[in-house]
Structure formats: C-alpha cells, structure tokens
Amino acid sequence: MDRQGNTDAPGPIGAVVQRIRASRQVTVDELALRADLGVAAVRDLEGGRGWVTSYGSLVQLAEALGVSPVEVSGRPVPPGGRAEADLLGTAFFVRRLLAEAPAQPVEDRERAVDRLLQADLDGDESALSTELLACMNAGCAEPAVYAAGAGLLRRLGFVDLAWLMLHRARAPEHRAVLAEEARLLLELGQPEAALARAGRATFTESLILQAIAHAFLRNGSAARAALRAAAQRAESPETAGRVRAARASVALELGLPDEALDHFGRAADGRLPRAERYELLVVAARAHALVDRPSDAAELLDQAHGHAPLRLAFDPLAREALHHLRRTGAATRTPRSDRVR
C-alpha cells in the first residue's frame with residue numbers, strides 16, 4: 001500500500017528493485033541468478049506479492065544490481081508529515097555545521113550530551129535530531145555525540161554523512177564509535193568488514209555485532225559462539241537483556257523465525273531501553289509474519305510504533321513487513337500506519 005492507499009502498488013523494496021533492474025537492462029531471470037534467488041521470488045517481490053524478510057536478502061539483491069543496500073531499501077523515504085520532513089532536514093544542517101566553526105560557546109556540555117544520549121536510548125528521533133544540532137552548534141566534540149549522530153544519519157539513509165560524523169569523532173577505538181562503524185558496515189552490505197571492525201574489541205556490544213555479522217554470512221555456529229561470549233561478559237541485567245534480544249535478531253537473520261520467537265519470549269520481560277525494545281518488537285513482528293501469524297505481527301508492530309514511531313517510518317524491513325501485512329488485511333490497527341509506505 002502506498003501513501004495514497006493503493007494496495008496494488010509494489011512494496012517499497014520491490015519497486016526500487018524493479019526500477020534499478022530496468023535501468024540496467026537486466027532481466028528478471030538474470031537478477032534471480034545473480035542474487036541466488038528464485039525467478040518466482042523476484043517476480044513476486046517486484047509485483048508487490050513478496051517481501052524482503054532479511055538484511056541478507058537485501059544485500060544479495062543490492063550486490064546483484066551493483067548498488068548499495070541503502071539504495072535498494074528506498075531510503076531516505078519521502079516525508080509523510082511535518083515530523084518526518086523536519087527529521088530529514090537534519091542532514092542538511094549537519095552538513096553545514098560540520099563545515100563551520102561552532103557558533104555558540106558551551107555552557108553546560110555534560111547536560112547537553114546527557115540529553116542527546118537519553119534521546120538515543122529512548123528511540124526518540126525527533127529529540128535526538130534537536131539535541132544533535134544543539135550539541136554540534138555548541139561545539140560538543142565527545143565521541144559518543146558523533147556516534148549517536150552517525151546512528152541517526154544511518155537510519156535516515158544518509159550514509160555519507162554518517163561516515164563523516166564517525167571520522168570527525170577522531171576516536172576510532174571509542175566503544176560507541178567502533179560499534180556504530182560496525183553497524184554502518186553491516187547496513188552497507190559489508191559483513192566481513194563489520195566483523196573485522198567489531199572483532200577489534202571484546203566488550204558486549206562488539207560481540208553482539210560480531211554475531212550479527214556472522215549471521216549475515218550464514219555462519220550460525222560462529223554467531224552463536226559470539227553470543228555465548230557476550231552472555232558471559234554481561235555485567236548487568238540490562239546487558240544480559242540486550243544479549244537475549246540479540247539472539248532473536250540472529251535467529252531471524254539465519255532464517256529461523258520459530259527460534260527467534262522463542263528468544264523473543266525470553267527477552268521480552270528484560271530490561272531494555274525503549275530503542276532496543278522497539279528493535280526487539282520489530283524482529284518478533286517479522287518472525288510472526290514469516291510463520292503466518294499476521295494478527296500477532298500486526299499487534300507487535302503496533303507496540304513498536306508506540307515506542308518509536310519515527311524509527312518505524314524509516315525502518316526498511318519494518319515497512320516491508322507492514323506492507324505484507326496490509327495485503328493480508330492484518331495491519332489495520334497500526335496507528336498512523338499510512339505514514340509508513
């Protein structure tokens with residue numbers, strides 16, 4: 001369903017795949033062969049009857065078309081309202097601020113950074129955007145600020161600015177910077193590079209990212225070994241909850257939706273920040289959709305929307321799942337879901 005309510009329109013990724021394939025004069029059969037996908041799967045995807053269910057499949061399609069996965073995922077999406085338009089406008093202000101000297105003196109740097117990091121944990125993209133611009137305008141140079149800013153830009157699809165933000169942090173071994181660079185490499189379809197980057201450290205988040213990179217490479221045993229190592233290093237209930245949530249993500253990426261739902265059940269009651277709980281809900285929703293439980297999937301997407309509505313709007317695989325559910329008639333309860341194309 002597009003923003004005008006046309007249920008026959010192809011899904012967001014399918015539409016982009018069809019456009020790029022046609023522009024390169026590649027046949028459906030050729031694309032299916034290059035991407036190691038069935039011809040019927042490619043036809044269903046382009047016709048809006050199928051949907052991309054994993055980042056691994058997204059990467060395969062992008063590689064077959066010779067483009068970035070970010071381009072195939074259709075980001076940045078056209079704004080569906082004032083909040084989305086304001087958020088997309090952040091990239092232009094960031095570009096200008098990176099090229100200019102700070103315009104204002106720093107009055108309370110610590111409090112400004114705390115507000116930004118809290119907005120990031122809350123999954124509040126609007127507040128994160130506001131605090132990022134305020135911190136940059138005030139000359140805050142903490143690596144965590146640049147890492148959080150890079151994460152926002154990555155989610156919006158502005159990967160060039162995300163890389164620039166990480167470079168400006170000038171702290172490649174800082175935990176937040178290292179982790180965000182690995183996430184960016186994963187999203188760009190470079191799991192080997194992400195694995196090498198995350199492998200330079202052994203803190204919990206880096207081990208989780210190593211597990212996800214292994215899952216992208218379909219190396220289930222290595223992914224599970226990395227998660228076991230992460231669980232052993234978990235120093236708090238919050239960190240342990242993060243590892244349990246990661247197990248669900250890894251299982252889904254490996255094509256094991258039932259296992260992902262089992263891990264979701266164990267992680268759902270854990271202590272997770274709102275942003276990470278959003279991610280867990282979307283993983284579980286996608287898993288429910290894959291095992292033909294559309295009502296459960298729609299309910300979880302509804303909850304995810306309540307946690308971080310703007311993240312849902314810009315999340316390519318969440319949009320894919322929502323499109324699939326709309327075709328089954330199961331996503332009518334998702335609030336303001338017409339804003340997620």
Out of everything in segment 283-300 that is open to solvent by 40 Å² or more (accessible area, probe 1.4 Å) and assigned to a helix (DSSP H, G or I), what residue ends up being nearest to Glu259 (Cα to Cα)? Leu290
From the list Leu252, Leu280, which one is surrounded by 22 or more Cβ atoms within 10 Å (Cβ to Cβ), touching a residue at least 60 places away in the same chain (Cβ under 8 Å) and part of a helix (DSSP H, G or I)? Leu252
Residues in segment 25-40 that are open to solvent by 20 Å² or more (accessible area, probe 1.4 Å) and out of contact with any Lys or Arg (no Cβ under 9 Å at 6 or more places or on another chain) total 9
Can you tell me which of (1) of a type outside the set (Asp, Glu); (2) surrounded by fewer than 16 Cβ atoms within 10 Å (Cβ to Cβ); (3) at pLDDT 95 or above is the one Ala147 doesn't meet? (2)
Hey, does segment 121-137 have a residue that's at pLDDT 95 or above, open to solvent by less than 40 Å² (accessible area, probe 1.4 Å) and under 15 Å from the mean Cα position of the chain (by Cα)? yes
Within segment 84-116, work out how many residues are hydrophobic (A, V, I, L, M, F, W, C), at pLDDT below 80 and in contact with a helix residue (DSSP H, G or I) (Cβ under 8 Å, 6 or more places away or on another chain). 2
Identify, please: which residue in segment 183-234 is in contact with a His (Cβ under 9 Å, 6 or more places away or on another chain) and open to solvent by 50 Å² or more (accessible area, probe 1.4 Å) and is, among those, nearest to Arg247 (Cα to Cα)? Arg224
For segment 27-44, give me each residue that is closer than 17 Å to Pro69 by Cβ and more than 22 Å from the chain's Cα centre (by Cα). Leu31, Arg34, Asp36, Leu37, Val42
Can you pull out every residue in segment 52-64 that is in contact with an Asp or Glu (Cβ under 9 Å, 6 or more places away or on another chain) and open to solvent by 40 Å² or more (accessible area, probe 1.4 Å)? Tyr55, Gln60
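The values are calculated or read from the model by the stated rules, or taken from the named source; none is laboratory data. Everything quoted here is computed from the prediction, not taken from an experiment. Please note: Cβ atoms are built from the backbone with ideal geometry, for glycine as well, and neighbour counts cover all protein chains shown. The area values use the complete protein model at the heavy-atom level, side chains included, leaving out ligands, DNA and RNA. Shrake-Rupley method; radii C 1.70, N 1.55, O 1.52, S 1.80 Å.
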